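**Q** Please find one structure pasted underneath; my questions will follow.
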Amino acid sequence: MINRIITFSLRVRLIVLFMLFLSLQGIAQTQDTTITLEDAVEIGVKNNLAILAVEKDIAATKGKAITGLGVEDPEVSGSWTEIPKGSGVSNYNERNFTISQSIDFPTNYIHRKKRGDLDIERSQVMLQERKLELRTRIEKVYYQLVGSREQVNLIRENISLAENFLDAAQKRYNAGKAPILEVKRAQIVLSNIENELAVAQSNYENNQAALNALLAFPDEKNAVPADSLTYRLLNLNLNDLLLQAIETHPLLLIYNLTAKIADKNVSLAKGSYLPKIFGGYTAQKIGGNKFRGVEAGISIPLWAPVNQRGQVMESKGNLAATKYREQNAVLVRKARVKGAYSKVIAALEQVDKYQSNLLQQSEELYKLTLRSYEEGKVDYLKVLDAQTSYININKSYIDALAYYKIQVADLEFETNQNFVQ
């Protein structure tokens, strides 16, 4: 029975080592590029297709604004009259050439110009919002990758601890101070940790693939984070964060610009009551005499109760709805900032607890328990409990650090800020 357990443990270890060897072989065939978070953001913005599409949208919006200032094409017409029956056109008695032009009331062009400028500004702010959103996504995946990498390193350290415990159990068994049960239990613990390493390695590779995809890295390259899960206390003030978000967040600026555009649409709708202006020039020839003529006039909004009035009602309704949406967006932004702020503070307190006592106490307890076990003062169950506690606390600490980084990234998005982590 003992030999079966030992054989099973050895097989498990060989399988895990073989999987890690294959993984390392795959990594060796790729080209790693070490990058900081700022490098990752710069690369992501440069390669992201959605960002490139928005940049083209800006160019299209500029073209639309120019088109909005366009004037109707002039009309040119000619007529030949009083042609005797049976004669050609050249035998006319009267000939007229007329060119005419129609334009909107001048103030409408001013409103269109301002609306076009606002539309261009809104498209540029949309680009800022996309970049801010992309930065947040990259930052989250970046620190998820860093966290999974540190989990792999931690589990490798835990394997070393489990090997030390197995060595101590084997020595006590050889000396006749401990039953074989302790050796078997230590072997099982070591095998379980080695299995955890395979899982952690797989999680790391998945996060690596996610970052590579987000940065549009070639298949043969890996974007390897240069940063670590360092902890830095941030001096945050909720009122300042709320003010920053309300004044500068791109989403709120987009709502504000949309309301301004809707206001210009109201002005243009009211401008439809104003008459169009038209004029023309005519060159006339009657018999052998040449004459000239000019004409000028304005359109009369005769059907204003149906056409123009409906346009004004529609534009005013859109403006009112847009303003309500803007006010709602401000309320939503405040709530999201408060929520993100609370999560950062909670994550901060969690990390602080680990750093203040839990990490040190769990390490001291494990070392003390292991030494007592080697001296025969405690049984192996005490060592396993202390080891499990030490391992879990360190794993939870890494998770807490990664969670803290991710919550800070969310707060950065909600407030349109870039904290130095």
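The values are calculated or read from the model by the stated rules, or taken from the named source; none is laboratory data. In this text, all values refer to a predicted model and were calculated from it rather than measured experimentally. We place every Cβ from the backbone using ideal geometry, glycine too, and count neighbours over all the protein chains shown. Ligands, DNA and RNA are excluded from the accessible area calculation, which covers all protein heavy atoms including side chains. Shrake-Rupley method; radii C 1.70, N 1.55, O 1.52, S 1.80 Å.
**Q** Can you tell me the length gained on complete extension of the stretch Ser100 to Leu274, counting 0.36 nm per residue apart and subtracting the Cα distance? Numbers along the way, then the final one.
**A** Details: separation 174, 0.36 × 174 = 62.64 nm, distance 1.97 nm.
Result for the pair: 60.7 nm of gain on full extension.
**Q** Ranking request for peptides 122-134, 56-68: highest mean number of other beta-carbon atoms within 10 Å first, then the rest in descending order.
**A** Working: 122-134: 17.9, 56-68: 13.2.
Going from most to least packed, we get 122-134, 56-68.
**Q** Run the accessible area of region 248-331 with a 1.4 Å probe and give the carbon-and-sulfur part as a rounded percent. Provide the component values of the computation, followed by the final result.
**A** Values: 3120 of 5280 Å².
The nonpolar share, carbon plus sulfur, comes to 59 percent.
**Q** In sequence order, what are the phi-derived ³J(HN,Hα) couplings for region 385-397 according to the Karplus relation 6.51 cos²θ - 1.76 cosθ + 1.60 with θ = phi - 60°, rounded to whole Hz, with x for glycine and proline?
**A** So the J values, rounded to whole Hz, are 4, 5, 5, 4, 4, 4, 5, 5, 5, 5, 5, 5, 5.
**Q** For Tyr403, what is the net charge nearby, where nearby means another residue's Cβ is under 14 Å from its Cβ and Lys, Arg count +1, Asp, Glu -1? Can you show the working numbers first?
**A** Numbers: positive: Lys140, Lys343, Lys353, Lys395, Lys405; negative: Glu139, Glu150, Glu349, Asp352, Asp399, Asp410.
That works out to -1.
**Q** A further question on this structure: Rounded to the nearest 0.05, what FRET efficiency do Leu358 and Asp379 have when you use their Cβ-Cβ distance and R0 = 35 Å?
**A** Numbers: r = 25 Å, r/R0 = 0.70.
The value I calculate is 0.90.
**Q** Could I ask something else about it? Pick from Ser356, Ser79, Ser272 the residue whose mean-square fluctuation is largest in a GNM of the chain, springs joining Cα atoms under 10 Å.
**A** Highest fluctuation of the listed residues: Ser79.
**Q** Could you calculate the FRET efficiency of Ala296 with Ser267 from 1/(1 + (r/R0)^6), where r is the beta carbon distance between them and R0 is 25 Å, rounded to 0.05? Walk me through the numbers on the way to the answer.
**A** Working: r = 26 Å, r/R0 = 1.04.
Working from the Cβ atoms, E equals 0.45.
**Q** How much of the accessible area of region 147-203, in percent, comes from carbon and sulfur atoms when a 1.4 Å probe is used? The partial results should precede the final answer.
**A** Working: 1280 of 2590 Å².
After summing per-atom areas, the C and S share lands at 50 percent.
**Q** On to the next question. Between Thr388 and Asn164, what length comes free when the chain is fully extended (0.36 nm per residue of separation minus the Cα-Cα distance, one decimal in nm)? Show your work: numbers first, answer last.
**A** Details: separation 224, 0.36 × 224 = 80.64 nm, distance 1.40 nm.
Once the chain is fully extended between Thr388 and Asn164, it gains 79.2 nm.
**Q** In deg cm²/dmol, rounded to 500, what helix-only [θ] at 222 nm does the chain give when every DSSP H run of at least 4 residues adds -39500 (n - 2.57) and the total is split over its residues?
**A** On the way: 10 runs with 294 residues, N = 421.
Taking each H run of at least 4 residues, the total per residue is -25000 deg cm²/dmol.
**Q** Mind computing the radius of gyration and Dmax over the alpha-carbon atoms of the chain? Å is fine for both.
**A** Here Rg and the maximum Cα pair distance are 38.0, 138 Å.
**Q** Can you compute 3J(HN,Hα) from phi for each residue in region 169-184, using the Karplus curve 6.51 cos²θ - 1.76 cosθ + 1.60 with θ = phi - 60°, rounded to whole Hz and x for Gly and Pro?
**A** 5, 5, 5, 5, 5, 5, 7, x, 9, 8, x, 5, 4, 5, 5, 4
**Q** Another question, then. Region 247-373: D in µm²/s via Stokes-Einstein (Kirkwood Rh, Cα pairs, 10 °C, 1.306 mPa s)?
**A** Numbers: Rh = 22.1 Å.
Rounded, D is 72 µm²/s.
**Q** What is the calculated FRET efficiency for Ala213 to Glu314, with r their C-beta to C-beta distance and R₀ = 41 Å, to the nearest 0.05? If you can, show how the numbers build up before the last one.
**A** Details: r = 44 Å, r/R0 = 1.08.
About 0.40, to the nearest 0.05.
**Q** In nm, to one decimal, how far is the modelled label at Tyr231 from the one at Asn289, with both set 7 Å along Cα→Cβ?
**A** Taking the two extended label points, one gets 10.4 nm.
**Q** Further question: Please compute, for the alpha-carbon atoms of region 105-248, the extent along each of the three principal axes and give them in descending order in Å.
**A** 106, 42, 22
**Q** Within a Cβ distance under 15 Å of Val125, other residues only, what is the Lys/Arg minus Asp/Glu net charge?
**A** Numbers: positive: Lys62, Arg122, Arg130, Lys131, Lys260, Arg333; negative: Glu55, Asp57, Asp117, Asp119, Glu121, Glu129, Glu133, Glu247, Glu326.
After counting each charged neighbour, the total is -3.
**Q** In whole Å, what are the extents of region 81-120 along the principal axes defined by its C-alpha atoms, from largest to smallest?
**A** Reported extents, whole Å, longest axis first: 62, 17, 11.
**Q** Counting heavy atoms of the protein chains only and a 1.4 Å probe, report the per residue accessible area for region 71-215 as a whole number of Å².
**A** On the way: 7450 Å² over 145 residues.
That works out to 51 Å² per residue.
**Q** What's the lysine pair count for region 355-421 at a Cα cut-off below 21 Å, pairs eight or more apart or interchain?
**A** On the way: Lys367/Lys377; Lys367/Lys382; Lys367/Lys395; Lys382/Lys395; Lys395/Lys405.
Final tally of qualifying lysine pairs is 5.
**Q** Something else about it: Which chymotrypsin sites (Phe, Trp or Tyr not before Pro) in region 236-332 pass both tests, a DSSP loop state and at most 13 other beta-carbon atoms within 10 Å?
**A** Here the sparse-neighbourhood loop sites are Trp303.
**Q** Sticking with the crude label model, points 7 Å out along Cα→Cβ, report the distance from Glu72 to Thr282 in nm, one decimal please.
**A** 1.8 nm
**Q** Can you give me the distance in nm between label points at Ser87 and Leu238, each placed 7 Å from the Cα along the Cα-to-Cβ direction?
**A** Once both label points are built, they end up 9.6 nm from each other.
**Q** Can you tally the net charge around Lys264? Count Lys and Arg as +1, Asp and Glu as -1, for every other residue whose Cβ sits under 13 Å from the Cβ of Lys264. Could the numbers behind the result be given before it?
**A** Working: positive: Arg112, Lys113, Lys114, Arg115, Arg122, Lys260, Lys270, Lys316; negative: Asp117, Asp119, Glu121, Asp263.
With Lys, Arg at +1 and Asp, Glu at -1, the neighbours total +4.
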